[in-house]
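Only the coordinates and a few stated rules stand behind these numbers; no lab work does. Here the structure is a predicted model, which means the values were calculated and not measured. Quick reminder, even Gly has a Cβ in these numbers, built from the backbone with ideal geometry, and neighbours come from all protein chains shown.
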Amino acid sequence: MPNQQAQLDRVFHALGDPTRRAVVQRLGRGPAAVGELAQPFKMALPSFMQHLAALEKCGLVTSRKQGRSRIYSLEPKPLEAVETWMSEQRALWETRLDQLDSYLLQMKESET
C-alpha cells in the first residue's frame with residue numbers, strides 16, 4: 001500500500017502542472033515527437049524536457065528513440081490507479097452526504 005500511495009503522490013504531483021496536463025491530454029490522441037509536443041509552449045526546450053521527465057518518472061508517459069527523434073506515448077495504467085482512488089473518494093463522500101441528508105431530514109421532522 002505505501003508503494004501505491006507513493007505512486008499516486010507522483011502522479012498527482014505531475015498532473016498538478018498545467019503544461020504537463022496539456023501534454024497528457026495531447027498524448028491521449030496518440031504518440032508524438034518532442035518537437036510536436038513542445039511547439040504550443042513558450043519555453044526553452046530544456047525546460048520543456050523537464051516536464052516530460054516528470055511525466056516519465058511517474059510512469060504517465062514512455063519514450064522511445066525513432067531515428068533522430070524521441071517519441072512519447074501515454075501510459076494509461078497510472079491514470080487508472082488515480083481513477084480508482086477518485087472513485088473510492090467519491091463513494092465515501094456520497095455516503096457521508098447521504099447520511100447528512102438523512103440526519104437533516106430527521107431534525108426537520110422532529111421540529112414539526
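Just a few scattered comments:
- Hydrophobic, long helices, defined as DSSP H runs whose alpha-carbon span along the helix axis is 30 Å or greater and whose mean Kyte-Doolittle value is at least -1.0, occur in the chain at 77-111.
- Multiplying the residue separation of ALA44 and GLN4 by 0.36 nm and removing their Cα-Cα distance gives an extension gain of 11.1 nm.
- Taking Lys and Arg as +1 and Asp and Glu as -1, the other residues whose beta-carbon sits under 12 Å from that of VAL24 total +1.
- DSSP-defined beta bridges in the chain - what % are antiparallel, rounded to 5: 100 percent
- Potential lengthening between GLU111 and LEU92 on full extension [0.36 nm per residue; Cα-Cα distance subtracted]: 3.9 nm
- By average C-beta atoms within 10 angstrom, highest first, the peptides 75-85, 47-57: 47-57, 75-85
- Once the chain from GLN99 to ARG70 is taken as fully extended at 0.36 nm per residue, the excess over their C-alpha distance is 5.2 nm.
- For PHE41, nonlocal amide neighbours, meaning residues 5 or more places apart or on other chains whose placed amide H falls under 5 Å from its own, do not occur.
- Spin-label pair TRP85/GLU36, simplified geometry with 7 Å Cα→Cβ offset, distance in nm: 3.0 nm
- Helix-only mean residue ellipticity at 222 nm for the chain, each DSSP H run of n ≥ 4 adding -39500 (n - 2.57), per residue, nearest 500: -22500 deg cm²/dmol
- Of all lysines in the structure, the ones whose alpha carbon falls short of 28 Å from that of LYS57, not counting any fewer than 8 places away in one chain, are LYS42, LYS65, LYS77.
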